[in-house]
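Novice: Have a look at the structure that comes next, please.
Read the figures in this text as sums done on the coordinates, not as results from a lab. Quick caveat, the model's predicted, so the values are computed rather than measured.
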Amino acid sequence: MKEKSDVKVVASNRKARHDYIIEETFEAGIVLTGTEIKSIRAGRVNLQDSFAMIRGGEVWLIGAHVSPYSHGNRENHEPRRERKLLMHRREILRLHGKIQEKGWTLIPLQIHLRNGRAKVQLGLARGKKLYDKRDSIAKHDHDREMRRALKEMYH
């Protein structure tokens, strides 16, 4: 029997769900250097303005910032380097077909540690229009007001 794996979210891209409609999510491993994994475990990673692309049959994470490791020496890593993502060939081919369609993109939603290994959750996303963003904000505000009203009613 398989044990439930231990997952610790290190960084999340909160703006992604605001700017994009996420249709489907995928999990991928990340090829990292020693100082990069140490920085990620310390939570020193930023996914803002990052995206993933498929080049040469491989998936690459572009624009993610992993701060240099504080105790690293001259062998420390480049903070914004492109990092290869590890996915099954079938998943990559399916994603490649989807991304070729107009309006689809791959956005990293979060980086988490699963059993000590860094993983990135990718979202197959379509950009929201301005009116979609306004609708989301209005719905969020309405839900908040409803929760507040219910809380006051029962207290």
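Novice: Per DSSP H run of at least 4 residues, take -39500 (n - 2.57); add these up for the chain, divide by its residues and hand me the 222 nm value, nearest 500 deg cm²/dmol.
Specialist: One gets -10500 deg cm²/dmol as the mean residue ellipticity at 222 nm.
Novice: In addition: What relative contact order, as a whole-number percentage, does the chain give when Cα pairs under 8 Å and 6 or more residues apart are counted?
Specialist: 32
Novice: So what J values fall out for the stretch 120-130 if you push phi through Karplus, 6.51 cos²θ - 1.76 cosθ + 1.60 with θ = phi - 60°, rounded to Hz, Gly and Pro as x?
Specialist: Each residue's phi maps through the Karplus curve to give 10, 9, 9, x, 7, 10, 10, x, 7, 7, 4 Hz.
Novice: For the stretch 104-117, take each phi angle, set θ = phi - 60°, evaluate the Karplus expression 6.51 cos²θ - 1.76 cosθ + 1.60, and give the result in whole Hz per residue in order, putting x for glycine and proline.
Specialist: 8, 8, 10, 10, x, 8, 7, 10, 9, 9, 10, 6, x, 9
Novice: Which residue, 106, 130, 32, has the most motion in a Gaussian network model of the chain that connects Cα atoms within less than 10 Å?
Specialist: Judging by the Gaussian network model, the answer is 130.
Novice: From the backbone phi of the stretch 79-95, what are the Karplus-calculated ³J(HN,Hα) couplings (6.51 cos²θ - 1.76 cosθ + 1.60, θ = phi - 60°) in whole Hz, Gly and Pro given as x?
Specialist: Listing the rounded values in order: x, 10, 5, 6, 10, 6, 9, 9, 9, 6, 3, 4, 4, 4, 5, 5, 4 Hz.
Novice: Checking the cross-link filter: which lysines have an alpha carbon closer than 17 Å to that of residue 84, excluding same-chain neighbours under 8 positions apart?
Specialist: Once the sequence-local lysines are set aside, what remains near residue 84 is 119.
Novice: Could I ask something else about it? May I ask you to list the lysines whose Cα is less than 18 Å away from that of residue 128, ignoring any residue fewer than eight positions away on the same chain?
Specialist: Residue 128 reaches 15, 98, 102, 139.
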